[in-house]
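Take this structure first; my questions come after.
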Amino acid sequence: MNEIVIISGKGGTGKTSVVASFAALAGNAVLADCDVDAADLHLVLSPTVRQREEFRCGHEAAIRQEDCIRCGACLARCRFEAVRKTDGGADEARFTIDSTDCEGCGVCVALCPAKAIDFPERLAGEWYVSETRCGPMVHARLNPGGENSGKLVSKVRETARQIAAERQRGLILIDGPPGVGCPVIASLAGVSMALIVTEPTLSGAHDMWRVIELTEHFHIPAAVCVNKWDLNPDMTEQIETEMREKRLRLVGRIRYDRAVTDAQIQGKAVVEISGAHAGEDIRAVWEKVCE
Ligand code: SF4
Ligand code: SF4
């Protein structure tokens with residue numbers, strides 16, 4: 001089974017437009033949207049959700065008021081200032097935990113003399129298995145402030161692999177997250193190839209090199225294409241020259257094209273818009289990736 005991850009190092013390079021177009025061109029791939037912090041592949045592929053699952057990760061503390069003896073030990077020991085004390089006026093003080101500040105370390109649970117603190121798993125988001133016109137898709141949504149997106153990415157990839165095996169599909173296309181952190185590493189682990197979509201700007205080139213270092217560290221074959229290359233031909237030339245000097249693989253350029261935005265508004269991949277120049281360029285990139 002081949003797994004191709006499309007990453008960029010930074011957001012806004014047009015990576016998702018490339019993934020959606022590859023999905024339309026491949027026709028028989030399983031799709032995995034691993035950009036779980038800001039998923040947007042579903043906006044283009046209009047999935048029909050067939051399965052919805054909760055993603056629970058870490059723990060959060062919650063005080064059972066009826067058992068609390070109001071000793072204040074949790075307030076004194078919480079290093080994250082997640083415990084709130086409200087003055088009860090004539091009554092005794094009341095202790096509560098702000099779930100957005102609680103880091104789930106468990107100290108208060110261990111030290112509470114009345115064993116009055118529950119410590120359930122935290123609901124961090126959801127993941128879905130859907131059908132799209134381009135094939136099955138696994139995607140997810142991390143709750144605001146939800147942590148451990150790397151673990152959620154691994155769940156999305158694991159499910160995509162299961163679906164590919166069940167339906168005997170030989171290709172998984174992964175829409176990777178931006179940056180070089182834990183979710184990106186989880187997206188890259190064990191893939192057949194990483195396609196890095198960059199843009200001809202200083203920040204685009206800087207973040208592209210950071211991702212290239214990551215792929216080299218994990219011995220993952222990588223290739224680069226420059227999106228919206230004609231907005232800054234000199235910078236494009238500079239990026240490509242440096243790539244050649246380092247013997248890294250280039251798989252093409254994609255022109256800036258209003259048709260990309262028009263396609264997004266219509267909920268289509270740009271290769272599904274007839275006559276789109278960017279669509280022609282993405283087709284050429286896809287052929288090189290297939291090689
Ligand atoms: S440590 Fe336990 S008993 Fe003491 S205030 Fe906190 S929750 Fe209540
Ligand atoms: S679990 Fe840790 S972070 Fe959360 S309230 Fe208790 S001591 Fe504070």
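Could you work out the relative contact order of the chain, using alpha carbon pairs under 8 angstrom and six or more residues apart, expressed as a whole percent?
Computed over the chain, the figure is 27 percent.
With unit charges on the beta carbons (Lys and Arg positive, Asp and Glu negative) and the dipole taken about the Cα centre of segment 1-82, which residue among A38, A73, M1 sits farthest to the positive side?
Farthest along the dipole direction, towards plus: A73.
Arrange the following residues from fewest to most other Cβ atoms within 10 Å of their Cβ: W209, W127.
Details: W209 16, W127 21.
Listed from fewest to most nearby Cβ atoms, that is W209, W127.
According to the Kirkwood expression over distinct Cα-Cα pairs, how big is the hydrodynamic radius of the chain, in Å? Could the numbers behind the result be given before it?
Details: mean 1/r = 0.0475 Å⁻¹.
Roughly 21.1 Å, rounded to one decimal.
Here's another thing I want to ask about it. What number do you get for segment 133-250 when its Cα radius of gyration is normalised by 2.2 N^0.38 Å, N = residues?
Dividing the Cα Rg of segment 133-250 by 2.2 N^0.38 Å gives 1.19.
Sticking with this structure for a sec: Between segment 43-62 and segment 147-219, what's the alpha-carbon centroid distance in Å?
That distance is 19 Å.
For segment 61-119, what is one quarter of the convex hull surface built on the Cα atoms, given in nm²? Before the final figure, lay out each step's value.
Numbers: hull surface 14.3 nm².
The Cα convex hull of segment 61-119, projected and averaged over all directions, gives 3.6 nm².
Multiplying the sequence separation of K85 and E245 by 0.36 nm and subtracting their Cα-Cα distance, what value in nm do you get?
The span from K85 to E245 would gain 51.4 nm if fully extended.
Counting only trypsin sites (Lys or Arg not before Pro) that sit in a DSSP loop (anything but H, G, I, E, B) with at most 10 other Cβ atoms within 10 Å, what is the longest stretch of the chain containing none of them?
The segment 116-245 is the longest one with no such site.
Going by alpha carbons, how many degrees (0 to 90, nearest 10) lie between the helix axis of 233-245 and the longest principal axis of the chain?
Taking the Cα atoms of the chain, the angle to 233-245 is about 90 degrees.
If we count every other residue with Cβ under 9 angstrom of G279's Cβ, Lys/Arg +1 and Asp/Glu -1, where does the sum land?
-3
Can you compute the charge dipole magnitude of the chain about its Cα centre, using +1 on each Lys and Arg Cβ and -1 on each Asp and Glu Cβ, nothing else charged? Give it in debye, rounded to the nearest 20.
Here the chain has a charge dipole of around 460 debye.
For V224, list long-range residues whose amide hydrogen, built 1.01 Å from N in the peptide plane, is under 5 Å from its own amide hydrogen.
Counting only residues 5 or more places away or on other chains, the set is I196, R249, L250, V251.
Roughly how many debye, to the nearest 20, is the charge dipole of segment 61-119 about its Cα centre, given +1 on each Lys and Arg Cβ, -1 on each Asp and Glu Cβ, and no other charges?
That gives segment 61-119 a dipole magnitude of about 180 debye.
How about K288: which aspartates and glutamates have a C-alpha closer than 15 Å to its C-alpha, ignoring those fewer than 8 places off in the same chain?
Qualifying aspartates and glutamates at Cα under 15 Å: E280.
Coordinate-derived values only; no laboratory data. Keep in mind that this is a model prediction, so the values were computed, not measured. Backbone-built Cβ (ideal geometry, glycine too); neighbour counts: all protein chains shown.
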